[in-house]
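Comments concern the structure below.
The values are calculated or read from the model by the stated rules, or taken from the named source; none is laboratory data. Model, not experiment: these values are computed from the prediction. Neighbour counts run over all protein chains shown; Cβ positions are idealised from the backbone, glycine included. To get the accessible areas, we keep the full protein, side chains included, count just its heavy atoms, and leave off ligands, DNA and RNA. Shrake-Rupley method; radii C 1.70, N 1.55, O 1.52, S 1.80 Å.
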Amino acid sequence: MTASAPIVTLIVPGRDIAAFAPAALDSLRAQTESRWRAILVDDGSTDDTGAIFDAAAAEDPRFTTIRHGASRGLGAARNVGLELVDTPYLGFLDGDDELLPNALARMTQTLGRTGSDFVAGAYVRSRVLGDGYVAGRVQPWVAAATSPERLGTTLAAHPLAVSNIVAWSKVSRTSFWHDLRFPEGVAYEDQVVAQLMYTRARAFDVIPDVVVRWRLRADGTSITQGKAQLPVLRDYLAALRGGIHVLHEAGAHASVTARIELILAMDVASLLGIAESHADPTYAAEVDAFISELRALPEFADAAPDPAIAAALAW
């Protein structure tokens, strides 16, 4: 560990992730770029997450812990961390995911060379296999957003960038976040923020390097695995609508087409499948209404979903 001043802050929220937090923290300790600090936000956990975070802070001054007595949600946890960032760069890591060892070095060095507002890297899903988790391949929609490397690009030049909508695959200049905050009290809080990042940036970078392993939990308890719940569905559809609205407002029509293509390829079939057997007919009604909204968009006529994406969902 070095005593050098930190250059990048990672905001690491988590709730009831005691089984996974040690791996996330170890992935920070293993970074080849050691000039980081991490703000660990325990969002009202009822397990040992808070104790794990506190122990990390006691052992390594690069960790700082914030404890919420009751859960306030992922958006609020991230926003609390944002208020404390005092380094040139910032990023996010969910407390059940893992950074690759060279992630921070690669991203901060890229921004140092280009002067862009943020850099977005690739990521892979980590699925359960036997007694552990195994990382899969880079999925085609992630590759479309991040490969090949593009430095100092814009949404007009690279409309497919909007396929990478997660907060934790990016490192930004802290100054870029001066008026950006996450929605609170909803799930899928990063989708609208991601589209605001793309549309507001003077320039951004994309790199094909895998920077994060995103864990799909074996017990199905992560937010992204709960779309059969009506409140989660509503938050998800609201996030999709909100992201498309941001792109429309910016005149990024090619990116709207890209989002429609990805939603049709990745989401519509699975949501219709859930709706078909869902006990509450409201679920099917809300899915149907959303599909009708997509069909009404002028960009829908140009959308040509890639059939390979549906097959890749099984990776």
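For the reader, a short list of remarks on this structure follows.
- Scanning region 13-40 for residues that are of a type outside the set (Val, Ile, Thr), surrounded by 24 or more Cβ atoms within 10 Å (Cβ to Cβ) and not in a helix (DSSP H, G or I) gives PRO13, GLY14, ALA38, LEU40.
- Among the residues listed as ALA76, ALA56, the single one being more than 21 Å from the chain's Cα centre (by Cα), aliphatic (A, V, I, L, M) and open to solvent by less than 30 Å² (accessible area, probe 1.4 Å): ALA56
- Flag if THR153 is farther than 26 Å from SER255 by Cβ and surrounded by fewer than 23 Cβ atoms within 10 Å (Cβ to Cβ): no
- Of the candidates ALA284, ALA275, the single residue that is of a type in the set (A, V, I, L, M, F, W, C), surrounded by 15 or more Cβ atoms within 10 Å (Cβ to Cβ), over 23 Å from LEU155 (Cα atoms) and in contact with a His (Cβ under 7 Å, 6 or more places away or on another chain) is ALA284.
- Among residues of region 59-73, those that are open to solvent by 60 Å² or more (accessible area, probe 1.4 Å) and in contact (Cβ under 8 Å) with a residue 60 or more places away in the chain, counted: 1
- In summary, strands (runs of 3 or more DSSP E) completely within region 108-215 and bearing 2 or more residues that are under 25 Å from TRP36 (Cα atoms) and of a type in the set (Phe, Trp, Tyr) occur at 118-129, 204-215.
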